[in-house]
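First up is the structure itself, then whatever we jot down about it.
No value in this document is a laboratory result; all are computed from the given coordinates. The structure presented is a predicted model; accordingly, all values stated were derived computationally and were not measured. Glycine gets a Cβ as well: all are built from the backbone with ideal geometry, and neighbour counts include every protein chain shown.
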Amino acid sequence: MGKIEVSKDSKVENVFERIHQNYRYLNQMMVEEIDIASEHGTISGNYREERWVKFFRSIIPLKYSLAQGVIIIDSNNNRSREVDIAVYDEQYTPYVFQYNTLKFIPIEAVVVAIECKSTNWEYEKIIEWTESIKNLQPRTTGIARMVQGYVTGITNKTQQRTRPIFILASNFQRQQQTAIDQVAKNIKGAFDFILLKRVEPGSKGIVREFDLLVEHENEKLGWWGDQLNLGIQNIGNMNVIPSNWKDEDKQGFKIQVDSGQYSELKFSENAMSLENTLSDLKIPGNPLLTLNFQLNQLLMLLNNPMLFPHFAYAKAFRELTAIGDDSIEEDAN
């Protein structure tokens, strides 16, 4: 019998197919595990969060840290409600103030805030949760040395302030599309990504898996960049050709674009800006793999590094110390 030749392309296709199927299996397994835990109220909360931590740790780059039971703070002494899972940049902002199991993380370091809910939750409270984070005020006075020299967020317009990406992960069950549409309507604008449990008949029985809803999935990446990097307003444009390029360089690049050398990207007519959306990263029938690509693309749009305003937090603690000294003197008198 002759040797069976397996082409390189065939091997690649098999690898991608296996990854695709593994994500589908992971999705169904997570639903099963979280549902079982939810039947035992005394352990469901912690287990549910731990299961989501395990998943997000598997898809988010190691440059970011994950923590449970977090209070996000700002230098004006404001605080958020408790955040089930926070993803934060510990490379340049290693300032996590921990008290027993509760952690206080500055808003300037947080890139993702995740709320893990069970089957029951109130719309008003979950919106108030997001507002408690959105009301925090990141400062633009971080100082760092970059290629162009010493900068602050004030003088470097591309490195100012960011807001976290908001994710709701819940084993709330929906059996019709109208149900998830209603959920989206009730919490409109509160979350960037929503994961809800879907239950419906399939070819091999009942399908139970997490479904992904992204309200602004069809917005351009430039729009997302404006939303996440507060203070930068390019009105949805994502310019990709540096301003110092010569005309012949720009023209040469446009020829490459017109020839279709970068077919995965969508360029404007003059090839100056990108017009891709998150929907271009959607993998049909695979919500968790879709979330992997979409979430990590948004993380790459955030400030890097995330400048930490040391002086603002030091000022807050100095003011607190001054108040404390005054009260001690009054007690002494």
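Under the rule a/c < 1.5 gives rounded, and otherwise a/b versus b/c splits prolate from oblate, where does region 236-276 land using the Cα gyration tensor? Judged from the Cα gyration tensor, region 236-276 comes out oblate (a/c at least 1.5, b/c at or above a/b). In order along region 242-253, the Karplus-derived 3J(HN,Hα) couplings, from 6.51 cos²θ - 1.76 cosθ + 1.60 at θ = phi - 60°, round to x, 5, 8, 5, 6, 4, 5, 5, 5, 5, x, 5 Hz, and Gly and Pro are given as x. Here each label is just a point 7 Å from Cα along the line to Cβ, and for K188 and E319 those points are 3.7 nm apart. Calculated FRET efficiency, S268 to E33, Cβ-Cβ distance, R0 = 45 Å: about 0.50 to the nearest 0.05.
Extension gain for S118 to H216 (0.36 nm times residue separation, less C-alpha to C-alpha distance): 32.8 nm. Counted by Cβ distance under 13 Å from D280, the other residues give a net charge of -1, where Lys and Arg count +1 and Asp and Glu count -1. Can you give the FRET efficiency for S243 and L62, using 1/(1 + (r/R0)^6), R0 = 41 Å, r = Cβ-Cβ distance, to the nearest 0.05? Rounded to the nearest 0.05, the efficiency is 0.75. Stretching the chain fully between K157 and V15 yields a gain of 46.9 nm (0.36 nm per residue, less the alpha carbon separation).
Pairs exceeding 22 Å between alpha-carbon atoms, taken from K254/K282; K63/K266; K197/K282; K103/K157; K125/K315; K63/K250: K254/K282; K63/K266; K103/K157; K125/K315; K63/K250. Figure legend: label point modelled 7 angstrom from the Cα of E50 along Cα→Cβ; residues of region 58-89 with amide N under 16 Å from it are 67-69, 85. Packing order of peptides 66-72, 127-133, 20-26, highest average first: 66-72, 127-133, 20-26 (average count of other Cβ atoms within 10 Å over each peptide's residues).
The H on the amide N of F308, modeled in the peptide plane, is under 5 Å from the matching H of I143, each at least 5 residues off or on a different chain. Residue by residue, region 14-20 carries 3J(HN,Hα) couplings of 5, 4, 5, 5, 5, 4, 4 Hz when phi is fed to the Karplus relation 6.51 cos²θ - 1.76 cosθ + 1.60 (θ = phi - 60°); x denotes Gly or Pro.
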